[in-house]
Amino acid sequence: MALFQLSRRDALILALFALVVVTMPVWTAPFGANYPGLMQKFAIYAIFAIGFNILFGLTGYLSFGHAAFLGVGSYTAVWSFKLLTMDALPALLLAVVISGLFALVIGFLSLRRSGIYFSILTLAFAQMSYNLAYSVLTPITNGETSLQLTLQDPRLIDLAFTTRGAGLPTASLFGVTLSGLSGFYFCAVVLLIAFFFAQKVFASPFGMMLRGIKSNQMRMSYTGFNTRPYALTAFVISGMYAGLAGALLAVTDPLAGAERMQWTASGEVVLMTILGGVGTLIGPVMGAWLIKYFENIFSSFNEGILSRFFDFIPAPLHDTVVAIASKFVGEGWQLTLGLLFVLVVVFLPGGIMEGVRRIGALFRRGNPPKAGAMRVQPAE
Amino acid sequence: MTTTERNVVLHVDDVSKNFGGLHALSDIDLEVEEGQTHAIIGPNGAGKSTLLNVIIGRLAPTSGAVVFDGQVLTGKKPHQINQLGVARVFQTPEIFPDLTVLQNVMVPAFARRDGAFRVNVLRSVEREAALRDEAEAILEDVGLADRRLSHAGALSRGDKRRMELAMCLIQHPRLLLLDEPTAGMSRHDTNTTIDLLQKIKARGMTKVIIEHDMHVVFSLADKISVLSGGRIIAEGLPDEVRGNIKVQEAYLGGAHRLEAVH
């Protein structure tokens, strides 16, 4: 079936990516990042960034309000837990649908403008959602205390089959509890499906039309394309990805707060995408992992760890080095991230993926052209 | 020839366009017959590009209307006008600089096949062999076959023009508007383009062409309209226009310029 077909190259990339994701508990160990909570975040924010890249990377429309869809996804999932069932699938499905509808409305209004005006409109709508969640919409969002599970939740579907347990329930999949590693593997499978669909979009005529819009929207119009529904579809798809990520956050920790919708969260996904490589498939994933790593691990380094790390330096210099380095870790992690971001944008405008490509090109220059390069000029 | 035999496919009906107090176009009437190449010539600032912009829907006329094949184009959006079978080559090439040459030519082919909007994520572009073959054949026609995997933004200006022409041709438009299609080209490339346009003419495609190069105009045009100061000051067969004194004063700057192209 055409739906499940990938080119050989894409199938290989998917297989390698699956291998990397599934073995994450192994290769994150040396970095001290192999605890389930963080790996869940790696998978979830990778989905968020992949989806964001479908809009920003392909159409060039820079949204500054995608955290709103993340928040909507989380709220929807928690409500699904409260009202229906602790099973994760209905929660994900509902979250994707509701955030998609939300994206349809915001996208329809925001796409009346392009460039910076589009960005400002999305930012405005997201901040509006954030503030509404704290004020008018508190019956739905539970305001500052965040939306949480309670012992009195109706959970209509669950309680029709079982009796209420003593404590708060946890999310599950067909009866299997999703916490810790099982939670991570659930997120990982969803990530792989999300990645596969992004590959389909990138390789499809639809993806090519989106690239055309980014490259020259006016030419697209004079070529016979109605560009706005194309951009809107990309916007809705990326909103659904964000909603999916938000729902997974709720699956791994059934709690939804409005701070998830704040503009800093929207900015974070922009950073992830640019850091990794706009318009590439893998780039946003790498950006997401790097930023989440910095946020969670780098920020917990203290002078004790640094002191041990710089043990090899003789005593008089040792304290100075540790003192300087300590400014860049712990609470100073954002300084390091900022410097890294500046370096990448200045020297590698295509993000980490451009660095990978350049290194690859260096290696290829040393070798004679291979069969792959021959295909560029087939016989007439 | 009686009027019933003439099949007018494009009708510019009493079009005027003002920019503030400036009358860019005044009472323009133009009839383009099916299968013919209609050249519009005139000095700089005569309103030639404005007229093309009005036809293609980029500018709304202050008064008057443009009718193509019984359909009023005025007020329609650019993509709707294109879907009716009107394609345009711009004065400054409008291409997709971030895509490859082959992709640049394939994108318009999708517009022709799938219409103004279709979300197609099931089948990859790689599997669209028929469209790719067609695009490669047209690139062969315009002489860009060996550049098909290049980045379009890296092409020379002349190559960009030829690629833009290929982008229009793959749509098999019923009406092709060309805004100085050979500007910036070498003599050799110009002649190649003339040959190409003559080949298209043999297929019966209607064309409106704006051109400064009289060699190109007299090689291709079936009919010429001379625009000056936003008005049509002369119209007729190439030989009639060539002999028209008024034209020579307004545009050609005397008979010696014309002798040069004989």
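Among the residues here, B:Glu180 does not qualify as facing chain A (nearest Cβ under 9 Å) and under 24 Å from B:Ala221 (Cα atoms). Note on the range A:75-94: residues that are buried (at least 22 other Cβ atoms within 10 Å of the Cβ) and assigned to a helix (DSSP H, G or I) total 9. Among the residues of the range A:57-68, are any under 19 Å from A:Ala250 (Cα atoms), open to solvent by less than 10 Å² (accessible area, probe 1.4 Å) and touching a Pro at 6+ places or on another chain (Cβ under 8 Å)? No, the conditions are met nowhere in the range A:57-68.
Candidates in the range B:23-50 are the residues that are more than 22 Å from B:Phe90 (Cβ to Cβ) and of a type outside the set (S, T, N, Q); of these, the one that is farthest from the chain's Cα centre (by Cα) is B:His23. Here B:Glu94 meets each of (1) in contact with a strand residue (DSSP E or B) (Cβ under 7 Å, 6 or more places away or on another chain); (2) open to solvent by less than 50 Å² (accessible area, probe 1.4 Å); (3) assigned to a loop (DSSP other than H, G, I, E, B); (4) within 14 Å of another protein chain (Cβ to nearest Cβ) with one exception, condition (1).
Selection within the range A:1-42: residues that are exposed (fewer than 15 other Cβ atoms within 10 Å of the Cβ) and basic (Lys, Arg). The member of this set that is nearest to A:Glu295 (Cα to Cα) is A:Arg9. Return yes or no: is B:Ala87 farther than 21 Å from B:Gly230 by Cα and part of a strand (DSSP E or B)? Spelling it out, B:Ala87 is indeed farther than 21 Å from B:Gly230 by Cα and part of a strand (DSSP E or B).
Among the residues of the range B:14-52, those that are hydrophobic (A, V, I, L, M, F, W, C) and free of Cβ contacts under 8 Å to residues at least 60 places away in the same chain comprise B:Val15, B:Phe19, B:Leu22.
Just one of (1) under 19 Å from the mean Cα position of the chain (by Cα); (2) touching a residue at least 40 places away in the same chain (Cβ under 8 Å) fails for A:Leu93. It is (2). Of all residues in the range B:42-67, those being small (Gly, Ala, Ser), in contact with a Lys or Arg (Cβ under 9 Å, 6 or more places away or on another chain) and either open to solvent by 40 Å² or more (accessible area, probe 1.4 Å) or closer than 21 Å to B:Leu84 by Cβ (or both) number 4.
When A:Val97 is tested against (1) open to solvent by less than 10 Å² (accessible area, probe 1.4 Å); (2) over 16 Å from A:Ala256 (Cβ atoms), just one condition goes unmet, and that condition is (1). Screening B:Gln171 with (1) in contact with a strand residue (DSSP E or B) (Cβ under 9 Å, 6 or more places away or on another chain); (2) without any contact (Cβ under 8 Å) to a residue 60 or more places away in the chain gives one miss only, at (2). For the range B:196-222, residues that are open to solvent by 40 Å² or more (accessible area, probe 1.4 Å) and in contact with an Asp or Glu (Cβ under 7 Å, 6 or more places away or on another chain) total 1. Taking helices (runs of 4 or more DSSP H) as the structural unit, those lying wholly within the range B:98-173 and holding at least 3 residues that are within 12 Å of chain A (Cβ to nearest Cβ) and open to solvent by 20 Å² or more (accessible area, probe 1.4 Å) correspond to B:101-114, B:129-142.
List pairs: first in the range A:171-185 and in contact (Cβ under 8 Å) with a residue 24 or more places away in the chain and within 16 Å of A:Leu92 (Cα to Cα), second charged (D, E, K, R) and open to solvent by less than 80 Å² (accessible area, probe 1.4 Å), Cβ under 8 Å, 6+ apart or cross-chain? Once the first residue is in contact (Cβ under 8 Å) with a residue 24 or more places away in the chain and within 16 Å of A:Leu92 (Cα to Cα) and sits in the range A:171-185, its partners that are charged (D, E, K, R) and open to solvent by less than 80 Å² (accessible area, probe 1.4 Å) give A:Ala171/A:Asp87; A:Ser172/A:Asp87; A:Leu173/A:Asp87; A:Phe174/A:Asp87. Among the residues here, A:Val270 qualifies as β-branched (Val, Ile, Thr), surrounded by fewer than 24 Cβ atoms within 10 Å (Cβ to Cβ) and either within 11 Å of another protein chain (Cβ to nearest Cβ) or part of a helix (DSSP H, G or I) (or both).
Would a scan of the range B:67-80 turn up a residue that is in contact with a helix residue (DSSP H, G or I) (Cβ under 6 Å, 6 or more places away or on another chain), of a type in the set (A, V, I, L, M) and in contact (Cβ under 8 Å) with a residue 12 or more places away in the chain? Scanning the range B:67-80, I find at least one residue that is in contact with a helix residue (DSSP H, G or I) (Cβ under 6 Å, 6 or more places away or on another chain), of a type in the set (A, V, I, L, M) and in contact (Cβ under 8 Å) with a residue 12 or more places away in the chain, so the answer is yes. Among the residues of the range A:201-214 satisfying the criterion of being touching a Gly at 6+ places or on another chain (Cβ under 8 Å) and open to solvent by less than 30 Å² (accessible area, probe 1.4 Å), which is nearest to the other protein chains (Cβ to nearest Cβ)? The qualifying residue nearest to the other protein chains (Cβ to nearest Cβ) is A:Val201.
Counting only strands (runs of 3 or more DSSP E) that sit completely within the range B:1-60, those holding 1 or more residues that are of a type in the set (D, E, K, R) correspond to B:8-19, B:22-33. Kindly evaluate A:Val236 against the criterion of being in contact with a Ser or Thr (Cβ under 6 Å, 6 or more places away or on another chain), β-branched (Val, Ile, Thr) and on the phi < 0 side of the Ramachandran plot. Criteria not met by A:Val236. Filter the strands (runs of 3 or more DSSP E) completely within the range B:189-237 down to those with at least 3 residues that are charged (D, E, K, R) and in the same structural domain as B:Leu177 (by TED's automatic domain parsing). It comes to none. Among residues of the range A:327-343 that are without any contact (Cβ under 8 Å) to a residue 24 or more places away in the chain, those with a beta-carbon under 6 Å from a residue that is in a helix (DSSP H, G or I) at least six positions away or on a different chain give the pairs A:Phe328/A:Leu335; A:Phe328/A:Thr336.
Conditions (1) part of a helix (DSSP H, G or I); (2) open to solvent by 30 Å² or more (accessible area, probe 1.4 Å); (3) within 14 Å of chain B (Cβ to nearest Cβ), marked per residue:
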position	(1), (2), (3)
A:Met220	yes, no, yes
A:Leu249	yes, no, no
A:Glu259	yes, yes, no
A:Val278	no, yes, yes
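If you go through the range A:172-185 and keep only what is open to solvent by 20 Å² or more (accessible area, probe 1.4 Å) and either under 18 Å from the mean Cα position of the chain (by Cα) or facing chain B (nearest Cβ under 7 Å) (or both), you end up with just A:Tyr185.
Conditions (1) surrounded by fewer than 18 Cβ atoms within 10 Å (Cβ to Cβ); (2) at pLDDT below 80; (3) under 19 Å from A:Leu83 (Cβ atoms), marked per residue:
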position: A:Gln127; (1), (2), (3): no, no, no
position: A:Leu132; (1), (2), (3): yes, no, no
position: A:Ile140; (1), (2), (3): yes, no, yes
position: A:Pro154; (1), (2), (3): yes, no, yes
position: A:Thr163; (1), (2), (3): yes, yes, yes
position: A:Pro169; (1), (2), (3): no, no, yes
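Any idea which residue in the range B:41-84 is farthest from the other protein chains (Cβ to nearest Cβ), counting only those that are at positive phi and out of contact with any strand residue (DSSP E or B) (no Cβ under 6 Å at 6 or more places or on another chain)? Before you say what the answer is, go through the steps one by one.
Taking the range B:41-84 as the starting set, the residues that turn out to be at positive phi are B:42, B:45, B:47, B:57, B:64, B:69-70, B:75.
Applying the additional criterion that residues be out of contact with any strand residue (DSSP E or B) (no Cβ under 6 Å at 6 or more places or on another chain) yields B:45, B:57, B:70, B:75.
Details: B:Gly45: 23, B:Gly57: 9, B:Gly70: 19, B:Gly75: 15 Å.
Residue satisfying both the conditions and the ranking: B:Gly45.
The values are calculated or read from the model by the stated rules, or taken from the named source; none is laboratory data. If you're wondering where the values come from, they're calculated on a predicted model, not measured in any experiment. Cβ sites come from the backbone with ideal geometry, for glycine too, and all protein chains shown count toward neighbours. Areas reflect the complete protein model, heavy atoms only, side chains present, ligands, DNA and RNA absent. Shrake-Rupley method; radii C 1.70, N 1.55, O 1.52, S 1.80 Å.
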